[in-house]
Amino acid sequence: MKLLRIACTAIALSPGAGRGAAQVATSQYDNLRTGATLGEKALTPENVNAKQFGKLGAFQVDGAVYAQPLFLPAVEIPGRGKHDVLFVATEHDSVYAFDANRPNDPPLWHVSLLDKQRDEETVPARDVQCPFIQPEVGITSTPVIDLQSGTLYVLARTMIGHFFKDNKYFQSLHALAITTGAEKFGGAKQIAASVRGRGDGNKNGEVQFDPLRENPRAA
């Protein structure tokens, strides 16, 4: 898998500006999806300009990033002290935790949500028939962090390919410890559901959740 780099942009004259900053634990900052940080103190119309605002570095990841990165200040990483942490999820079904103030450093932790024992892989974009995400589909919706339990919830899409029969597709909800990336609560939960109806794909008046065709919400 070709490694990609995502840019880190901030006030170039203040590399430690992340300390004490507001947390971003869900898509677009809050459950109302306003996209507004009304408590912003570091960035102003005066200091966001060509001389003071720009690229500080880049974080290296293993796939395209469609999910919004999340941020928590002063997270205690076992054996490594406190860090302002940037959480990044990729379409290669990986989740990374980076020190937000040191963009060129290796990750604090990195986990793959592909079950290698089951020969899981990401879903090819051609299977999903989605023209917007290429070349693979893994983690698209933004994860959500539960601050009280220190848990990052993330939805991963995977498949097991077969040569002589249909591929099997899965959507699974993972609960990861924000400090280590370890799976919590007994591991991932596969998403499955059914409803009575006669819609497309129904069998005997029952429509099953289709992990290939169903698309997640933004977060």
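When the residues of the range 172-204 are filtered to those that are closer than 22 Å to residue 124 by Cα and assigned to a loop (DSSP other than H, G, I, E, B), the one that is most open to solvent (accessible area, probe 1.4 Å) is 192. None of 83, 92 is in a strand (DSSP E or B), modelled with pLDDT of 80 or more and within 25 Å of residue 144 (Cβ to Cβ) except 83.
Can you find even one residue in the range 143-159 that is over 14 Å from the mean Cα position of the chain (by Cα), modelled with pLDDT of 95 or more, farther than 30 Å from residue 77 by Cβ and open to solvent by less than 20 Å² (accessible area, probe 1.4 Å)? Yes, that holds for at least one residue. Could you list, in sequence order, all residues of the range 50-103 that are among the hydrophobic types (A, V, I, L, M, F, W, C), farther than 19 Å from residue 24 by Cβ and over 20 Å from the mean Cα position of the chain (by Cα)? Within the range 50-103, 50 is the sole residue that qualifies.
Taking the criterion of being open to solvent by less than 80 Å² (accessible area, probe 1.4 Å), closer than 24 Å to residue 149 by Cα and either of a type in the set (A, V, I, L, M) or without any contact (Cβ under 8 Å) to a residue 40 or more places away in the chain (or both), the residues of the range 25-34 that qualify are 25, 30. Of note, residue 64 does not satisfy the criterion of being in contact with a strand residue (DSSP E or B) (Cβ under 7 Å, 6 or more places away or on another chain), open to solvent by 10 Å² or more (accessible area, probe 1.4 Å), outside any strand (DSSP E or B) and at pLDDT below 95.
Quick one: is residue 119 under 29 Å from residue 212 (Cα atoms), surrounded by 15 or more Cβ atoms within 10 Å (Cβ to Cβ), of a type in the set (Asp, Glu) and modelled with pLDDT of 90 or more?
Working: under 29 Å from residue 212 (Cα atoms): yes; surrounded by 15 or more Cβ atoms within 10 Å (Cβ to Cβ): no; of a type in the set (Asp, Glu): yes; modelled with pLDDT of 90 or more: yes.
No: the conditions fail for residue 119.
Just checking, which of 111, 207 is assigned to a strand (DSSP E or B), modelled with pLDDT of 95 or more, of a type outside the set (D, E, K, R) and surrounded by 11 or more Cβ atoms within 10 Å (Cβ to Cβ)? Within the list 111, 207, the selection yields 111.
Among the conditions (1) in contact with a Leu (Cβ under 8 Å, 6 or more places away or on another chain); (2) open to solvent by 50 Å² or more (accessible area, probe 1.4 Å); (3) touching a residue at least 40 places away in the same chain (Cβ under 8 Å), residue 134 misses just one, which is (1).
Given the condition surrounded by fewer than 21 Cβ atoms within 10 Å (Cβ to Cβ) and not hydroxyl-bearing (Ser, Thr, Tyr), answer yes or no: does some residue in the range 82-94 qualify? Yes.
The values are calculated or read from the model by the stated rules, or taken from the named source; none is laboratory data. This structure is a prediction, so every number in the text was calculated from the model and none was measured. With ideal geometry, Cβ positions are generated from the backbone for all residues, glycine too; neighbour counts draw on all protein chains shown. All accessible areas refer to the heavy atoms of the entire protein, side chains included, with ligands and DNA or RNA removed. Shrake-Rupley method; radii C 1.70, N 1.55, O 1.52, S 1.80 Å.
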